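Any read-out appearing in this document is the output of simple, stated calculations on the displayed coordinates, not a laboratory observation. Note that this is a predicted model, so its numbers are computed, not measured. For neighbour counting, all protein chains shown are included, and Cβ atoms are generated from backbone atoms with ideal geometry for every residue, glycine included.
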Amino acid sequence: MAQLQMNAPKPLPLLRLEPFKGMDVSGVQIDNHHSPDMLNMNINEKGALNKRTGYDRVYSTSLGTGKINGMYEYTKSDGSSIFLLAHGTTLYKQSGNAQPVSIYSGIQNSKVNFFTMNGKCYIMDGNNLFMYDGSTVSVVTPYIPTIQMSKLPAGGGSAKEDFNLLGNKFKDSFSGDGTSTVYQLSLSGLDPTTVTAVVGTTTINEGSGLTVDRTNGKVTFTTAPATGTNNVIITAGKTVSGYPERIKNCSMSIGFGGSNDSRIFIAGNPTLREYVFKSGLYDPSYWPENGFYKFTEQVMGFSKQYDYLIIEKANGKHLISFQITDAGDVSFPSKPINDKVGTIASGSIQIIENNPVSLSKEGVYMITASNVRDERNVVHISANIDRSLLLETNLSTAVSIDFDKKYWLALNNRVYVLDYTQKTTANPYGEWFVYDNIPTSCFVEMGGFLYFGSSSEGLLYRFKKEYDGAAYNDDGAPIHAYWMSKPLTFNAEEMRKYVEGLYFSLKPSSQTSVELFYTSDKKENIQINANKDISFNLFDFNTLDFSKFTFYFSNFPKEVHAKVKAKQITHFQLRIQNNQLNESVTILSLGIEYRYQSKIR
């Protein structure tokens, strides 16, 4: 007897949107996996869509109005560290969640730069150069250089060190002849600084064993110094107007010395914008008079690539290398490497996988090679988000950090994040995301956590990890997060379609839910499953909320089907959002069920 065979209905096709990718606002011709508009969402290494974590304030009470001007983790020679922050005219140290403690009052209320050398922390506020040894903050005492060695009393000798821009004092080393009482210094026009001399081991002071002709730079001893080699050391002062300010008014620094950081290079003097100054060997109290570079345009900052120092200029890039001559002398020659792509934000400069990255007026660029002068050695890496980024105001104020293998570029309470681990052939430099409600003036990483200083008040914040309790709020406020698909045509622009539903996988969490909306060429902002709660909460004592109480313990994802019923449409755009306090979201997969209807007439 013949049996009747029933054919199962063919399932409708699914347009799969996972693995998800980052943001792409470059135009309509983007692939189905990118989003033209997403906020406070990112993609993990498996291609799942995640809501970002939030942040908490580190200490409870603001230091007052005005932004945090700088932060730094100062590591001492013994390995212990002190966290420093600058706000207003005060320098603070801060520990744990305790309120910051003032350690110095009287710095300038402006951007503050920190660096460490020889176990000491140096602080640049654009008005002075300070040193902190872990207990006391003081103005740096300038090194006194020896200008000439082996001088005869009448003059001559051989040059040893340059005059120190930071100070006014200098030394001359003479070889006494036993008869001469008048000694000619290297410099004339001396200032009122008391002149002293060490003859052999005896110290002689002005007015008690010697007199000074300041106009001509001559020192006359009451008794002729004995014969000897470099046995007469005279210390005097000469003030050169504007010299100390060349150093004190700088605001940017970097350590460099080829394969080590043996010297400090500084820039950012508002009256000498084209200048870079170089310190003495392991000595930030010494700034040789001739240890400077003058470029043709404003210096915006520094970066390093391998054994080279990169000078980031307003409209190009220079390279400084380290060399030792045949005579054993050290030199730092410079040469241009790119004349087209500059930097507009000093705070945007970071080193990403050994490649300097910075924000230019055309977007974010990366130096990929620096050994030859070639316009091709700088590549554009932000094309996917430039239409959003370059519309921002105050681009020159952007600040950045390299954290968790991501480049964070912050301005106007927003952060543009490049995850450079997510590289593909189409996006060889990674995927971009955008976060908001992050009012940062500066970043710092400590203990594996990312901290930022407020751009409007004296507060410090720390980003939370996923495993932290109540990780999904910004200082107690909900995180508004969403992801939008591109306007989808289901690979048939000429056809009208019927979108019947969605299938997606929601990762379980102590608190999680999503809201779904769609926009088509016929309707806007239509909520999907408006009367159905789309959530998947797990029982968790750490985040117990009785309004969302559950005994559910399973770690398997929740597979959700949401009905849509959008008919006779040509374009379909999906929006997934979560604006709920303390709720996470992770979408593991997403498919849109559709079928073709009729051709467009």
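Positive-end ranking of 336, 568, 395 along the dipole of the chain, with charges on Cβ about the Cα centre, is headed by 568. Each Lys or Arg adds one and each Asp or Glu subtracts one; over the other residues with Cβ under 9 Å from the Cβ of residue 41, this totals +2.
The calculated FRET efficiency for the pair residue 601 and residue 31, based on their C-beta separation and a Förster distance of 25 Å, comes to about 0.30. Name the residue from 226, 498, 119 whose Cα lies farthest towards the positive end of the charge dipole of the chain, charges +1 on Cβ of Lys and Arg and -1 on Cβ of Asp and Glu. Farthest towards the positive end: 498.
Starting from the Cα-Cα distance between residue 565 and residue 139, subtract it from 0.36 nm times their residue separation and give me the gain in nm to one decimal. Intermediate results must be reported in sequence, preceding the final value.
Values: separation 426, 0.36 × 426 = 153.36 nm, distance 7.24 nm.
Separation in residues times 0.36 nm, less the Cα-Cα distance, equals 146.1 nm.
Neighbour counts of other C-beta atoms within 10 Å: give me 110, 598 arranged from fewest to most. Intermediate results must be reported in sequence, preceding the final value.
Numbers: 110 13, 598 9.
Ascending number of Cβ neighbours within 10 Å: 598, 110.
Each 10 Å bin from 0 upward holds the following percent of the Cα-Cα pairs of region 401-528: 9, 29, 31, 22, 8, 1.
Give me 133, 31 sorted ascending by neighbouring Cβ count inside 10 Å, so fewest comes first. Don't skip to the end; give the middle numbers.
Values: 133 13, 31 10.
Fewest-to-most ranking of 133, 31: 31, 133.
What you get for region 191-298, charging only the Cβ of Lys and Arg (+1) and of Asp and Glu (-1), is a dipole of about 80 debye around the Cα centre.
Please compute the net charge surrounding residue 232, taking Lys and Arg as +1 and Asp and Glu as -1 over other residues with Cβ under 9 Å from its Cβ.
Net of charged neighbours comes to 0.
The alpha carbons of region 146-237 occupy a box of 34, 28, 23 Å along the principal axes, longest dimension given first. Compactness of region 1-142 is given as radius of gyration and Dmax, 28.1, 109 Å, from Cα positions. Taking 0.36 nm per residue of separation and subtracting the current Cα-Cα distance, fully stretching the chain between residue 404 and residue 477 would add 23.9 nm. The magnitude of the dipole of region 146-237, with charges of +1 and -1 set on the Cβ of Lys/Arg and Asp/Glu and taken from the Cα centre, is near 40 debye.
Given the chain, what percent of its DSSP beta bridges are antiparallel, to the nearest 5? Spell out each step's value before the answer.
Numbers: 164 of 173 bridges.
Of the beta bridges lying entirely in the chain, close to 95 percent run antiparallel.
A Förster radius of 45 Å, combined with the Cβ-Cβ distance separating residue 154 from residue 326, puts the computed FRET efficiency at roughly 0.85.
A simple spin-label model places pseudo-atoms 7 Å from Cα toward Cβ; at residue 62 and residue 77 they are separated by 4.1 nm.
With θ taken as phi - 60° and the Karplus curve 6.51 cos²θ - 1.76 cosθ + 1.60 applied, the whole-hertz 3J(HN,Hα) list for region 264-271 is 10, 9, 10, 7, x, 5, x, 9 Hz, x standing for glycine and proline. The residues packed around residue 445, meaning those with a beta-carbon under 14 Å from its beta-carbon, carry a net charge of +1 if Lys and Arg are +1 and Asp and Glu are -1. For an R0 of 56 angstrom, estimate the FRET efficiency from the Cβ-Cβ distance between residue 521 and residue 449 and round to the nearest 0.05. Efficiency at R0 = 56 Å is approximately 0.75. Hey, could you get me the Stokes-Einstein D for the chain, Kirkwood radius over alpha-carbon pairs, 10 °C and 1.306 mPa s, rounded to whole µm² s⁻¹? So the translational diffusion coefficient is about 56 µm²/s. Put in order of Cβ neighbour count within 10 Å, fewest first, the listed residues 385, 479 become 385, 479.
For the set 67/304; 294/406; 278/340; 160/238, the pairs lying more than 24 angstrom apart at their alpha carbons are 67/304; 294/406; 278/340.
The dipole here belongs to the chain: it is taken about the Cα centre, uses +1 on the Cβ of Lys and Arg and -1 on the Cβ of Asp and Glu, and is about 1420 debye.
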